[in-house]
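S.K.: This is the structure I have questions about; it appears just below.
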Amino acid sequence: MFCSARIWACVAVAVLLGACAPKTPPASPAPAGAAKPAAAGPGAGAAKGDRVIRVVRNVGSREGFQKHWDAWKAAFEKANPGWTMELVNVGDSAGTEFYQSRIASGDLPEVIQTWNLTKHLADNGHIVPLPDDYYTKFGLPLPTPYKGKRYATMGGLQVLGMAVNRKLWASIGVTEPPRNFDEFAAGLDKLAAQGARPLTYGAKDWCASVPLTFLLHANLYPYTTGDPEPDKPSFTLLRDQGKATFAADPVANRVLEKVIGLVGKYAGKGVLSDGYDEGKRDFYGGQSATWIMGCWIGGDLEPNNVSAEVAYWPLPSVEGRAPIFVTSSSMQTGWAITTSAVGEKQAKALAVCEALYDPAVYQLWLNGEAMLPTATKVAGVTGPKTEHVAAKGFVADMAANVKKYGTTRGGYRSLEDQWPQGFEDACMRLMQTVLTGEKDVPKLLGELDKAWDDARKSK
Amino acid sequence: MKRRRRESLVSLVFCGPAIALYLAFVIGPALLGFAYGLTDWSGWSGGGQASDLGAALGGLARLDGGAARAGCEAFLGAKFVGLANYAELAHDPVFANFQSVTAFRRSALGFTLFETLLIVLTFTFGAMVLAVLLDRVKHRVGLVRGLFFYPFVLSLLVSSLLFLYLGNYREGAINKALAWMGLSAWQQDWLMSPTWAPWTIFALVAWTSMGFFTTLYLANLQAIPEDLYEAAALDGAGPLAVFRAIQFPLLMPTVLTNSVLALINGINLFGQVVVTTQGGPGTQTFTLGYYIYHLGRLNNRQGYASAVSFVVFVLLAAIAIVQATALRRRQVEL
């Protein structure tokens, strides 16, 4: 009896405590046109109800990104006294996992980095459109709309090409970008004959896919820098309609044959143990002559105190066309405001996005990413600025070559006309398979077709 | 009557929270996982409201299939596709490829079963032999046993990273040691070679968990009455005879426990693969767990991933039941 009395007393205390627990205030109503707001969920943190805007940024261990974040936060907090910008540090490859778990718990941060996830986020009503005057105010070219709407901030001109060690290439008499793939391969042969390591290539992680994907972008698509022409459907659209396949496409076949030849000849044994970090170490250390990689590597030259002279060249064509850079900048990738930002927070989230174009912030953004500017109305910002010799040389060379050779969108045409998410991962795995000895091009491209179809099954 | 009711209430108070937690965090998600396996959920749509579930249940109560389905789809945030995911799984070569023995071994199911077989054999019989040997150690018993148990104390991340560094082709300690011994021709890409990766992953699992399984056997060995050994000694039994006639039969309960635990370890092999090979080269070290993760995280196909999970659950349960039944029968015979 005594025992059960105690138990009932405990139950009564627990019920009493539950009844006295503070109630969560109702969220402010969402603005008209916005999707259903995400409810507060576990892990929201005490600061959530305060004057705090949580922002996802892939700072990681990159010094340039940290500097950009610090300046961005300072600019926002100065312009919005009493408000704080809180960093949610998420790595590029962890974006999907992080957002999906936060969506499940109804707790997306107010401003998020979208990477290539904009479509999924927009389709499922997690981000809200930005007004057009947001872009025009800073002189940004309007990104191609998705279902009539624009969601993401725009950074600068991100180009994909190849970084070369100028001194090593000059030692074989090559000082200008090769005119086509065969000329490029001949250069690599000469470098190898001289005892130099011609190519940096790591196949342990996502870098494995880079030569293949860059060359597919540069060769499978027409050289158009403007909006996609509606009467000329891209390879992406033809592939989605079943009117083209990688296995049946002669250009895709040639690209894969060339890439297999490239890695077969120059990748070297044990390359499956190497990834981006090993590649960076080799190339920055001056041990290798060429690294097919995006322009962001220029942003790491100064923090890594690279002394080698680095040039940035366009991608050679396997089709006899002129070399060209690929750009993904017309896509809506950047930061977007989520449906978690309701009431006053929505205006402040927009202020966070506007602070990106504060001159000091934008300058550090371009420096960190080694990007050429696209915002024309940001006072005093004309491009990445640095006194570091290698970084300065890289930026000057890239700017001159972009002007001379131009850019193409490749498969990065618009959110409605882009590769399925996860397809790059399939390309990475395909290249790893190549390195284990599989060289059957039609079979490999058939696997790529299957991977494309599988990736498209996700809505 | 009153007393029984009171006892029931007391039981409810004590067991209720545990049952509620189990329902909320084990049974509920398992049922939801099965439900998601019948949808095309990408993982990007948010969960529905309780009112959606209410609408679904209301539809069911009214025998209104349309309303029930609409309510279910709203609650799950996905479109109902029936058994389409299971039909796709039947022809998925990454999950199971029956074209050849090599193709099967390199599919997620084949690779997982291969690793599981190695793990079950090692942790069931290898650990038993090791325990019997350790039981005979008379000096520095704690230190010797501790050395074997130590890797189990390390976090899975630490031990996997350790193997990642050991197995690196250019910088790894194994290849460095081989080069130092003049055996450069034996150097391998231990974690990314299709030939060696399965064995390296197995070595990692064995190194990490052998101590734990051995400890279970050691505990059982300590419980064997000393007079049985004395009687065997009087009969002139040697170590092998003692093992066969005394230790092995009395270790059978632990054999059952260890083999089931090892089976679960093998089928659920995941973390080691994430850290070391990420399923590579290609998809050749995809385990079932890693494939589910890959589908959900990279391909945004949580519905399909849920269907794969359910099939794996059924597979694991079936194997465990067969294994437990067979071992119990053997135990009774002995």
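S.K.: Looking at the square roots a ≥ b ≥ c of the eigenvalues of the Cα gyration tensor of chain A, which shape do they give, rounded for a/c under 1.5, prolate if a/b is larger than b/c, or oblate?
M.R.: prolate
S.K.: Does the stretch A:359-405 come out rounded, prolate or oblate, given a ≥ b ≥ c as the square roots of the eigenvalues of its C-alpha gyration tensor, rounded meaning a/c under 1.5 and, failing that, prolate meaning a/b above b/c?
M.R.: oblate
S.K.: Then there's this: How far is the Cα center of the stretch B:68-110 from the Cα center of the stretch B:124-158, in Å?
M.R.: When both Cα centres are located, 41 Å separates them.
S.K.: Skipping prolines and chain starts, which residues have an amide H placed within reach, meaning under 5 Å, of the one on B:LYS79, given they are 5 or more residues away or on another chain?
M.R.: Close amide H contacts, sequence-distant or interchain: B:ASP40, B:TRP41.
S.K.: What accessible surface, in Å², does a 1.4 Å probe find on A:VAL389, ignoring ligands, DNA and RNA and rounding to the nearest 10?
M.R.: Roll a 1.4 Å probe over it and A:VAL389 shows about 120 Å².
S.K.: If you take each beta carbon of peptide B:300-308 and count the beta carbons of other chains within 10 angstrom, what is the mean?
M.R.: Average neighbour count from other chains, rounded to a whole number: 3.
S.K.: Compute accessible area for the stretch B:30-44 by itself and then with all protein chains, 1.4 Å probe, and report residues whose area falls by 50 Å² or more.
M.R.: So the qualifying set is B:TRP44.
S.K.: Between chains A and B, what is the buried accessible area in Å², counting both sides, with a 1.4 Å probe and ligands, DNA and RNA left out, to the nearest 100? Mind showing how you got there, number by number?
M.R.: Details: alone 20450 and 19260 Å², together 36400 Å².
Summing both sides, the interface buries roughly 3300 Å².
S.K.: For a quick check of understanding: with a 1.4 angstrom probe and all protein chains in place, what accessible area in square angstrom does B:SER193 have, to the nearest ten?
M.R.: 20 Å²
S.K.: Moving on. For a quick check: with amide H placed at 1.01 Å from N, whose amide H comes under 5 Å from A:VAL56's, ignoring anything fewer than 5 positions away on the same chain?
M.R.: Amide H to amide H, under 5 Å and 5 or more residues apart or across chains, A:VAL56 pairs with A:VAL88, A:VAL111, A:ILE112, A:GLN113.
S.K.: I'd like to verify something in chain A: which complete DSSP H helices, judged by Cα projection on the helix axis, reach 20 Å or more and average at least 0.0 on the Kyte-Doolittle scale?
M.R.: The qualifying helices are A:2-20, A:250-266, A:389-405.
S.K.: State the volume of the convex hull built on the alpha-carbon positions of the protein assembly as shown, expressed per residue in Å³ and rounded to an integer.
M.R.: In the protein assembly as shown, the Cα convex hull volume per residue is 239 Å³.
S.K.: At a Cα cut-off below 16 Å, give the lysines reachable from A:LYS450, other chains included and same-chain residues fewer than 8 away excluded.
M.R.: A:LYS243
S.K.: Is any helix in chain B, taking whole DSSP H runs, at least 15 angstrom long along its axis by alpha carbon and on average at least 1.6 on the Kyte-Doolittle scale, and which ones?
M.R.: B:108-121, B:156-167
S.K.: Would you jot down the residues in the stretch A:419-442 that end up with at least 50 Å² less accessible area in the complete protein assembly than in the chain alone, with a 1.4 Å probe?
M.R.: At a threshold of 50 Å² (probe 1.4 Å), the residues of the stretch A:419-442 that become less exposed are A:ARG429, A:THR436.
S.K.: Using a 1.4 angstrom probe on the protein heavy atoms only, line up B:THR276, A:THR333 by accessible area, largest first.
M.R.: Sorted descending by solvent-accessible area, the residues read A:THR333, B:THR276.
S.K.: Once you sort the root eigenvalues of the Cα gyration tensor of the stretch B:219-274 as a ≥ b ≥ c, which label holds: rounded (a/c under 1.5), prolate (a/b larger than b/c) or oblate (the other case)?
M.R.: Prolate.
S.K.: Given a 1.4 Å probe, how much area per residue of the stretch A:164-213 is accessible, in Å²?
M.R.: Heavy-atom SASA per residue in the stretch A:164-213 reads 41 Å².
S.K.: Quick one: dipole size for the stretch B:101-333, taken about the Cα centre, charges +1 on Lys/Arg Cβ and -1 on Asp/Glu Cβ, in debye to the nearest 20.
M.R.: 500 debye
S.K.: Please calculate the 1.4 Å probe accessible area of A:TYR135, with all protein chains present, and give it to the nearest 10 Å².
M.R.: It works out to around 0 Å².
S.K.: Gaussian network model of chain B, Cα springs within a sub-10 Å range: biggest mean-square fluctuation belongs to which of B:GLY146, B:GLY172, B:GLY238?
M.R.: B:GLY238
S.K.: Using a 7 Å offset from the Cα along the Cα-to-Cβ direction at both A:ASP50 and A:ASP440, what is the distance between the two label points in nm, to one decimal?
M.R.: Result: 6.2 nm between the two label points.
S.K.: With a 1.4 Å probe and every protein chain kept in, tell me what percent of the accessible surface of the protein assembly as shown is carbon plus sulfur.
M.R.: Percent of accessible area from carbon and sulfur atoms in the protein assembly as shown: 63.
S.K.: If each DSSP helix of 4+ residues adds -39,500 (n - 2.57) and the sum is divided by the residues in the protein assembly as shown, what number results at 222 nm, nearest 500 deg cm²/dmol?
M.R.: Taken over the protein assembly as shown, the calculation gives -16000 deg cm²/dmol.
The values are calculated or read from the model by the stated rules, or taken from the named source; none is laboratory data. The structure presented is a predicted model; accordingly, all values stated were derived computationally and were not measured. Glycine also receives a Cβ, built like all others from the backbone with ideal geometry; neighbour counts cover every protein chain displayed. Accessible surface areas use protein heavy atoms only, side chains included; no ligands, DNA or RNA. Shrake-Rupley method; radii C 1.70, N 1.55, O 1.52, S 1.80 Å.
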